[in-house]
Amino acid sequence: MSHLMPTYARADLAFERGEGAWLVSTTGERYLDCHCGVAVNALGHAHPALVEALRAQAEKVWHVSNLFRVPAAERLAARLCEASFADMVFFCNSGAEAMEGAIKVARKYHAANGQPERVRIITFEGAFHGRTLATLAAGGQKKYLEGFGPPVEGFDQVPYGDLDAVEKAIGPETAAILVEAVQGEGGVRVGTPQFLRGLRDLCDAHGLMLVFDEVQTGMGRTGTLFAHQGVGVTPDVMGLAKALGGGFPIGAVLCTAEAGKGMTPGTHGSTFGGNPLAVAAGNAVLDVMLADGFLEAAQRRGLLLKQRLAEVSDRHPAVFREVRGAGLLLGLACVVPNDRVIAAFRDEKLLAVAAGDNVVRILPPLIVDETEIAEAVTRIDRAATRLERAAGAAQGAAPKLEGLKG
Ligand SMILES: *Cc1c(COP(=O)(O)O)cnc(C)c1O
């Protein structure tokens, strides 16, 4: 009997250690990790550079608070800005916290401009921005809001991909548009470049902040360091977390100097945010990701895996509908319930994650190699064959029962 609050339906499986794209269970079995702790372990498990960075920092100082300078946090912020549109960074500890911060930056910008009434934010159906009260209201999913009191005010939801609906939703109180370049939790729904560029144009025309939630898409997941770079759209504000620390909890809000002009001393804070351990992990992740050829290699492997998954999907139309995604943020849209598909994958010692729209996310670490991709595809193919046989057997049995009844 576990004393953990039962908010998760956990698989009865625990891991002892990991190596690259592999996790070893407490019973000694090796699992191919296409889950990555929900898109977090972008450099796989026990990456030597990350292990060494944390070990070295652990021997020096863990935490000092943000009332003192943290040189490695200044360095990580400078590097993130150098690699993006941003001029400043606020560090926090999770994705939801990053998005809370991003929402605050967007609202404060208008207050600093003498328009404090501009607080409303346009968000999209199927979005996921976290589990705090404001990010739940932004995501707008009824099942997550139920029983937690009145949703935080100020979010207007429109269908994802619908520029006309966005334009109609803009009013005198609108402050920002908040969007995921690819809806991860929502079912690996990829925003088209026209849609995302259209949002930029609407923001420019109406003086709105364009906020990208890159908590899942950021840090190389879609093949560029940030997903918006792949579609040539520049936001004003961006939230990061998941892969930023390679498994160590750290989140960040990035913005331009203009967007962040209201964020003066005392306007926001976090006790743990950007502590020496977290930023040591973040700097180590960047060392690897910014090395020559790293992102290009991840992009190539993403294309290869997507191609192979499309072949598997075509071979098993009774199990899969289609393959979607960008880079190594891939989704298999399923015909059979996605939890059954994930269980069948697990029987083949492959880990994957569920998403909305009956999708199974395939999220290997960015360091996955071609042999491991081939192995993943073989296991997925085998699991699909077994699911088909099970479905066939169930269908074959049905007429017999009918016959008995008659
Ligand atoms: C995971 C996720 C979040 C929330 O991150 P937490 O660290 O769980 O709070 C927010 N936005 C997106 C797009 C995510 O994928």
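The values are calculated or read from the model by the stated rules, or taken from the named source; none is laboratory data. Predicted model, so just to flag it, every value in this text is computed and none were measured. Don't worry about glycine lacking a Cβ; one is built from the backbone with ideal geometry, like all the others, and counts go over all protein chains shown. Each accessible area value is taken on the protein alone, full model and side chains, heavy atoms only, with ligands, DNA and RNA left out. Shrake-Rupley method; radii C 1.70, N 1.55, O 1.52, S 1.80 Å.
Worth pointing out:
- Antiparallel %, DSSP beta bridges [both residues in segment 48-289], to 5: 40
- Cβ-based charge dipole, the chain, positive-most Cα from 367, 35, 161: 35
- Cα-derived Rg to Rh of segment 131-212, Kirkwood definition: 0.97
- Near residue 262: Cβ cut-off under 15 Å, other residues only, Lys/Arg at +1 and Asp/Glu at -1. The net charge is +1.
- Cα-centred dipole magnitude for segment 107-256, charges only on beta-carbon of K, R (+1) and D, E (-1), debye, nearest 20: 360
- Those residues of segment 242-277 whose amide nitrogen sits under 14 Å from the label point placed on residue 68, 7 Å along Cα→Cβ: 275-277
- Fraction of accessible area attributable to carbon and sulfur, segment 48-289 (%, probe 1.4 Å): 57
- Percent of Cα-Cα distances greater than 32 Å, calculated over segment 48-289: 17
- Annotation: amide H-H contacts under 5 Å for residue 19 (H modelled 1.01 Å from N, sequence separation of 5 or more, or interchain): 24, 45.
- Most fluctuating residue given options 154, 251, 28, as computed from a GNM of the chain linking Cα atoms under 10 Å: 28
- Taking a Cβ cut-off of under 15 Å around residue 302, the surrounding Lys, Arg, Asp and Glu residues balance to a net charge of +3, with basic ones at +1 and acidic ones at -1.
- Distance from segment 27-47 to segment 223-283 (C-alpha centre basis), Å: 24
- Simple label model, 7 Å out from Cα along Cβ direction - residue 16 to residue 30, nm: 1.4
- Among 12-19, 104-111, the order from most to least packed when residues are scored by Cβ within 10 Å on average: 104-111, 12-19
- Helix-derived mean residue ellipticity, 222 nm - over the chain, DSSP H n ≥ 4, -39500 (n - 2.57), to 500: -12500 deg cm²/dmol
- Shown is the FRET efficiency for residue 153 and residue 318, computed with R0 = 51 Å from the Cβ-Cβ distance and rounded to the nearest 0.05: 0.65.
- Entry note, the chain: relative contact order of 22 percent, from Cα contacts under 8 Å with a spacing of 6+ residues.
- Antiparallel %, DSSP beta bridges [both residues in segment 138-248], to 5: 20
- Percent of beta bridges antiparallel (DSSP, the chain, rounded to nearest 5): 65
- Percent of alpha-carbon pairs separated by more than 39 Å within the chain: 20
- All Cα pairs of segment 253-406, percent lying beyond 20 Å: 63
- Converting phi to 3J(HN,Hα) with the Karplus coefficients 6.51, -1.76 and 1.60 and the offset θ = phi - 60°, segment 8-19 yields 10, 8, 7, 6, 7, 7, 10, 10, 8, 6, x, 9 Hz in sequence order, with x at every glycine or proline.
- Ratio Rg/Rh, restricted to segment 152-191 and using Cα atoms, in which Rh is the Kirkwood radius: 0.99
- Segment 163-222-segment 310-354 distance, computed between alpha-carbon centres (Å): 27
- Radius 14 Å from Cβ of residue 79, net charge of other residues (Lys, Arg +1; Asp, Glu -1): -3
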